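*Asks:* Okay, here's the structure, questions in a sec.
The values are calculated or read from the model by the stated rules, or taken from the named source; none is laboratory data. Worth saying up front: this structure is predicted, and the values here are computed from it rather than measured. Every residue, glycine among them, receives a Cβ derived from its backbone with ideal geometry; neighbour counts consider all protein chains shown. Heavy atoms of the whole protein, side chains included, go into the accessibility calculation; ligands, DNA and RNA do not. Shrake-Rupley method; radii C 1.70, N 1.55, O 1.52, S 1.80 Å.
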Amino acid sequence: MQILKTLLFFLALLAVSGGCSKSSSGPSSAEGKWAYTTSDGKIVVTFDLVKTSTGSLDIQNQTMKIDGTAYNAEKQISGVALPLIGSIRINANDAKAVYPYYILFTNGSVSSDFNRINVPDGEYTFPWGTTKTLKAISITRP
């Protein structure tokens, strides 16, 4: 009888542990939330990549902070042929911004684990009248 109880216990334990499979801990596509902060901390952008009806990507819910102040923002994405993204541009579109600040990412490539968009080239404006170059950066999931 004790052997039967022990056997049933181990079978129950096996059934419970077998039902607890590991779920994917990461994203499975480029869709979702993304964020980037310049190394000087002056420009912060966040945005969602969403699939369009044609199967391409678009940007929604874009935000831009310039030197700690949030501004309404516009967006542009082009050259999408995943994993490649030709360009992403987020620019301030707000009367309180005074100047047309922007950040531009060019020649991006979504990583195979969908946790980074590797960007070899880009640029942003800050302070106004100064364009700074971006080299070998990554846009990441927040």
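*Asks:* Students often forget the sequence filter, so: which aspartates and glutamates lie under 15 Å Cα-Cα from K132 once same-chain residues fewer than 8 apart are removed?
*Replies:* Of all the aspartates and glutamates, those that pass the test against K132 - Cα under 15 Å, at least 8 places apart if same chain - are D40, D67, D121, E123.
*Asks:* How much of the accessible area of region 26-142, in percent, comes from carbon and sulfur atoms when a 1.4 Å probe is used?
*Replies:* The C+S portion of the solvent-accessible surface of region 26-142 is 49 percent.
*Asks:* Could I ask something else about it? Per residue, what accessible area does region 44-142 have, given a 1.4 Å probe and all protein chains present, in Å²?
*Replies:* Values: 5160 Å² over 99 residues.
Per residue, region 44-142 has 52 Å² of solvent-accessible surface.
*Asks:* If you don't mind, there's one more thing I want to ask. Could you list which residues have their amide H under 5 Å from that of F126, counting only those 5 or more apart in sequence or on another chain, with H placed in the peptide plane?
*Replies:* K132
*Asks:* Mind listing the long-range amide H neighbours of Q62? Cut-off is under 5 Å, sequence gap 5 or more, other chains count too, H placed in the peptide plane at 1.01 Å from N.
*Replies:* Amide H neighbours of Q62, under 5 Å, 5+ apart: D48.
*Asks:* With only Lys, Arg, Asp and Glu charged, each at its Cβ (+1 for the first two, -1 for the last two), find how big the charge dipole of region 30-89 is about the Cα centre; round to the nearest 20 debye. If you can, show how the numbers build up before the last one.
*Replies:* Values: 6 positive and 6 negative charges, 3 e Å.
Its charge dipole is roughly 20 debye.
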